[in-house]
Amino acid sequence: MTLEELWSSLLVLVAAVFVWQYLEIRKVRNALKNISGPTPASFLTGSIPQLFSRESTNFQRHLAFDYAPVAKLYSMFGRPMLYISDPKALHTIVIKDEPSFLEPDSFIAMNHLLFGRGLLATLGDTHRKQRKLLNPAFSINHMRHIIPIFYNVVYKLRDGIKKQISREAEEINMLDWMGRTALELIGQGGLGYSFDPLIEDALSEYGQAIKTLMPNLIKIPTTRLMAPYLIRAGPASFRRFILNLVPNSDVQRVKHIVDTMDSQSRAIFEKKKAVFLQGEEAILQQMGEGKDIISILMRANASTSEADKLSEDEIIAQMSTFVFAATDTTSNTLARILHILAERPDVQDKLRAEVLDAHAGELLSYDELDKLSLLDGVCRETLRLDPPIPVPSRVANRDTIIPLAEPLVGIDGSLIREIPIVKGTEVMIGILGWNASKELWGEDAHEWKPERWLTPLPGKVTKSSIPGVYANSMTFVGGKRACIGFKFSEMEMSNISQMFAREGTSFQRHLAFEYPPVAKLYNILGRPMLYVSDPKALHTILIKDEPSFPGLDISFNYLMFGRGLLATLGDTHRKQRKLLNPAFSINHMRHIIPIFYNVVHKLRDGVKKQVTGGTEAIDMLDWMSRAALELIGQGGLGYSFDPLIEDAPNEYGQVMKTLVPNLIKVSVVRFMIPYLIRLGPARFRRFIVDLVPNDNVQSIKRTVDIMDSQAHALFEKKKAALLHGEEAILQQIGGGKDIMSILMRANASTSEADGLSDEEIIAQMSTLVFAATDTTSNTLARILHILAERPDVQDKLRAEVLDAHAGESLSYDELDQLPLLDSVCRETLRLDAPLQYPLRVANRDTVLPLSEPIVGVDGSLISEIPIVKGTEIIMGVLGCNASKKLWGEDAHEWKPERWLAPLPETITKANIPGVYANLMTFIGGKKACIGFKFSEMEMKVVLSVLLSNFTFEPTDKPIVWNAGGLRYPTVGTVSNKPQMPLKVRLYEGVKASW
């Protein structure tokens with residue numbers, strides 16, 4: 001090839017690259033053309049200098065305060081990008097659709113060049129592997145061990161400053177002291193190494209280098225964008241040769257800083273490795289006695305499997321990463337707090353009084369420190385308005401959609417409810433835009449007011465389902481890429497409120513997906529409890545050692561339903577279950593299916609009346625609740641609550657729908673029930689409850705009254721029919737095949753010793769209605785919601801039920817042979833179990849064996865867990881049902897097709913103690929859900945009939961699934977009213993016949 005041909009080829013290549021980039025940019029510009037934003041600095045650099053220069057603070061505040069929750073910015077060469085602080089959009093980006101939004105190549109590559117292949121420079125399985133080994137070192141338990149190390153360092157800081165000021169006030173560079181202190185804190189607490197004695201003015205080379213890293217990085221924002229190309233430019237030695245030639249002092253300073261960090265980290269690692277070879281006694285002689293983060297990581301790494309091990313370079317990379325991440329961020333935030341306190345002497349005096357009164361300048365424990373309310377408020381408020389990393393970013397790796405919590409007004413005046421995202425679009429996470437939103441935090445949102453944390457936060461903040469891991473803010477981001485150093489900061493004295501709160505879904509998933517199969521939580525007053533999803537441990541709890549793990553105090557169920565199946569233990573429970581078992585057998589299900597079809601055909605006719613004019617938005621949760629109540633009414637009680645063909649809501653059904661949401665609101669009160677139930681006779685307890693000035697408590701009381709009165713009335717009617725003989729029974733609804741008729745007949749013919757009292761039978765009625773209404777209706781609503789969002793699966797399922805004529809009337813066995821229908825039910829019950837966290841409490845000291853060892857806080861392997869009498873255990877239904885180790889990498893995805901092929905052997909051989917489909921959804925053992933088959937067949941009949949007659953689509957209203965004892969849907973996060981509107985229309989195939 002001649003030189004002329006070579007140049008021509010290069011020109012063609014360059015032109016092709018420019019054309020491709022132009023077309024990519026044009027796609028993004030077209031997708032975002034209706035979104036407004038500030039004018040970029042230039043076409044070449046876009047908004048990059050405005051966002052990341054030394055003078056960018058005003059621009060970032062202008063963006064957050066004047067343009068949020070969504071604004072359009074520009075990267076280099078006019079490529080649009082987004083600034084987003086809308087909570088629903090943020091939840092989609094960092095949690096719901098997290099795999100579609102990764103850190104930019106420039107971020108990952110730059111971190112690789114700066115720190116090595118550590119936590120900030122990895123993605124996917126490598127990142128998960130590193131994080132899994134590091135998690136124990138950042139647990140609450142480890143924080144308790146490390147507090148004395150922190151105090152030791154800060155005492156030296158105190159002495160060092162004292163030397164400078166003697167008796168007179170002196171002007172001191174406190175940022176320098178904070179930088180040195182933060183370095184020493186991460187040195188001793190993170191690396192088990194001392195960088196700086198602090199009591200002398202002895203500046204560490206490492207400390208000086210770290211302090212200048214961020215200012216120098218800010219000076220080269222455009223160069224940072226070239227990192228992805230540089231890192232691919234041959235081996236490390238060639239890249240260094242290239243960097244040495246760059247005639248830029250800032251680049252050279254950054255290179256020097258990286259060299260310093262790397263050499264220090266390697267030297268520390270080699271020393272630690274040598275100590276480890278000498279054994280445990282030598283480790284205990286080291287600074288921090290082996291409790292530092294890297295020591296724990298090295299022990300965990302040594303004891304883990306070969307596949308999960310980190311290389312030495314990866315461990316060294318963590319050291320460099322931690323030193324950077326924990327030095328500048330911490331020192332700058334501390335300096336900012338001191339600056340504010342210097343300008344606000346009133347707050348400084350109050351804070352000093354608080355810490356002096358608590359003797360916090362001496363040595364307090366983690367828990368004692370965490371109780372200092374103003375100290376906590378000052379830290380939270382500063383981090384709210386001055387996040388260390390103001391605008392982290394993500395890049396879409398596929399075309400997708402970002403939904404918004406509230407509509408946005410476009411440039412053309414139209415309302416935008418969702419934003420189309422083209423692959424390659426960069427999204428800036430608007431931390432300050434969320435943290436200081438006046439709409440959420442109030443008119444004083446831009447002001448520094450630590451006292452706001454001393455009272456409950458505004459409802460708009462607490463109910464917004466923001467995905468951040470810290471203090472209802474986005475300061476440390478959220479999801480799988482949240483700052484690992486702060487992911488436990490909000491677990492203070494009690495995790496229990498997070499677990500049972502309406503907004504607890506993110507926490508529950510975080511617990512189930514991010515932690516080992518055993519995790520420690522804290523109940524009220526700091527009492528430890530366990531979250532367990534390990535199959536062998538669950539088998540021990542539910543079957544092998546079941547007598548040692550009864551349910552928690554059953555007083556609450558007793559007050560709610562009477563002495564029924566959910567409120568008894570031991571022989572009484574076994575006696576009740578023995579009489580009820582025949583009514584829930586497969587044989588009885590065969591007899592009861594016609595009753596189900598009769599009810600659901602009325603449901604079909606009722607819905608048809610609402611959609612005859614075309615597509616209608618219908619609250620399908622309301623219909624599912626009414627149908628579920630009528631199904632348990634006719635199939636369980638032989639009684640009709642609701643005609644269904646008319647829009648005639650039943651009082652019983654209405655109060656049942658509000659029961660679970662109201663129970664969630666009084667989660668703390670529920671733990672007082674064991675004490676309340678011992679307060680004298682029932683009438684005295686009622687007098688006490690009548691005095692409680694809480695609408696939710698009074699609403700629950702009213703619900704219980706209605707349930708009880710209905711159950712008593714039904715029982716008296718059925719008892720009268722039984723006295724009239726078999727012919728009278730056959731004239732009743734269900735022809736005497738309902739559960740209660742079978743129970744009452746069995747009870748009449750059993751021995752006196754095995755018989756149930758009238759009150760026990762009535763208690764079963766209230767129990768069955770509660771257990772079979774909300775659970776079934778909410779699961780059916782969840783399936784319809786998913787099918788509305790997945791029309792491909794909806795169409796396939798409709799084809800299956802139409803082909804089998806399942807919308808008409810099939811037998812139990814015919815219905816049970818529809819594979820996709822079965823799969824849709826199983827997959828939804830796998831990921832959305834009606835009962836989220838069943839509880840047990842140990843009644844004696846015992847031991848829980850584990851299927852596989854877990855890594856302890858100290859890095860050791862734990863193969864069994866000693867359980868002390870009184871320990872509360874949450875059975876991790878979701879943790880087991882969605883374990884990637886058991887179900888595979890797609891375990892967190894809703895994929896009904898997984899049930900159409902044999903399940904993985906990791907599941908079938910795991911010996912999971914659940915009674916249903918290798919799942920923990922309906923628990924297992926002697927306290928397993930007695931009615932799981934009843935519920936499954938209800939769902940199959942309802943879905944068969946509805947899909948044969950209707951199609952379902954989402955509306956423009958956001959459906960939020962709230963946590964609690966049972967998951968339930970609402971429109972948005974503000975209202976707590978259970979509802980789920982869907983667009984419903986008649987299926988084309990049935991229009992002609994209607």
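The values are calculated or read from the model by the stated rules, or taken from the named source; none is laboratory data. No experiment lies behind these values; they were computed from the predicted model shown. Glycine gets a Cβ as well: all are built from the backbone with ideal geometry, and neighbour counts include every protein chain shown. Surface areas here come from the heavy atoms of the whole protein model, side chains and all, with no ligands, DNA or RNA. Shrake-Rupley method; radii C 1.70, N 1.55, O 1.52, S 1.80 Å.
A few notes on this one:
- Size descriptors for the stretch 116-343: radius of gyration and Dmax over Cα atoms are 19.0, 60 Å.
- Rounded to the nearest 20, the size of the Cβ-charge dipole of the chain about its Cα centre is 380 debye, with Lys and Arg at +1 and Asp and Glu at -1.
- In the chain, the portion of solvent-accessible area held by carbon and sulfur atoms comes to 57 percent [1.4 Å probe, whole percent, DNA, RNA and ligands not counted].
- Those trypsin sites (Lys or Arg not before Pro) in the stretch 400-448 that DSSP places in a loop and that have at most 15 other beta carbons within 10 Å: K423
- Averaging the sequence gap over all C-alpha pairs within less than 8 Å and six or more residues apart, then dividing by the number of residues, gives the stretch 116-343 a relative contact order of 36 percent.
- Ranked by how many other beta carbons lie within 10 Å on average, peptides 614-625, 35-46 from highest: 614-625, 35-46
- Surface accessible to a 1.4 Å probe, D367 within the full protein complex, Å²: 40 Å²
- Based on Cα contacts under 8 Å between residues 6+ apart, the chain shows a relative contact order of 14 percent.
- Across the options M529, L714, H591, the greatest Cα extent toward the positive end of the charge dipole of the stretch 523-986 (unit charges at beta carbon of Lys, Arg, Asp, Glu) belongs to M529.
- Multiplying the residue separation of L861 and T572 by 0.36 nm and subtracting their alpha-carbon distance yields 99.9 nm.
- Direction-averaged projected area, Cα convex hull, the chain: 47.6 nm², rounded to one decimal.
- Longest to shortest principal axis, alpha-carbon extents of the stretch 320-438, angstrom: 58, 38, 27
- Of all DSSP-defined beta bridges confined to the chain, some 85% are antiparallel rather than parallel.
- As a calculated quantity, the FRET efficiency between R128 and K544 at R0 = 45 Å, using C-beta atoms, amounts to about 0.90.
- Relative to the dominant Cα principal axis of the chain, helix 293-303 is inclined by about 60°.
- Projecting the Cα atoms of N881, P904, L861 onto the charge dipole of the stretch 523-986, computed from C-beta unit charges around the Cα centre, puts L861 farthest toward the positive end.
- Peptides 743-749, 507-513 ordered by average Cβ neighbours within 10 Å, highest first: 507-513, 743-749
- Ranked by how many other beta carbons lie within 10 Å on average, peptides 175-187, 68-80 from highest: 175-187, 68-80
- Taking the C-alpha atoms only, the angle from helix 373-385 to the longest principal axis of the chain is near 70 degrees.
- To the nearest ten degrees, helix 105-115 and the longest principal axis of the Cα atoms of the chain are 60 degrees apart.
- Equivalent ellipsoid semi-axes, the stretch 863-909, via Cα gyration tensor eigenvalues times 5, rooted, Å: 29, 12, 9
- What you get for the stretch 751-863, charging only the Cβ of Lys and Arg (+1) and of Asp and Glu (-1), is a dipole of about 540 debye around the Cα centre.
- Backbone HN-Hα couplings from phi across the stretch 880-892 [Karplus 6.51/-1.76/1.60, Hz, Gly and Pro as x]: 7, 5, 10, 6, 5, 5, 8, 9, x, 5, 8, 4, 8
- Within the stretch 816-850, the trypsin sites (Lys or Arg not before Pro) that combine a DSSP coil assignment with at most 13 other C-beta atoms in a 10 angstrom radius are R844.
- Heavy-atom accessible area per residue - the chain, 1.4 Å, Å²: 44 Å²
- Annotation: amide H-H contacts under 5 Å for S393 (H modelled 1.01 Å from N, sequence separation of 5 or more, or interchain): I429.
- Debye-sum result for the stretch 523-986 in log10 I(q)/I(0), which assumes one identical scatterer on each alpha carbon, at q = 0.05, 0.14 Å⁻¹: -0.18, -1.54
- Size of electric dipole in the stretch 116-343: Cβ of Lys, Arg +1 and of Asp, Glu -1, about Cα centre, debye, nearest 20: 660 debye
- A DSSP coil position with no more than 16 other Cβ atoms inside 10 Å describes the following trypsin sites (Lys or Arg not before Pro) in the stretch 312-374: K371.
- Positive end of the dipole of the chain (Cβ unit charges, origin at the Cα centre): among S464, L123, V793, the Cα lying farthest that way belongs to V793.
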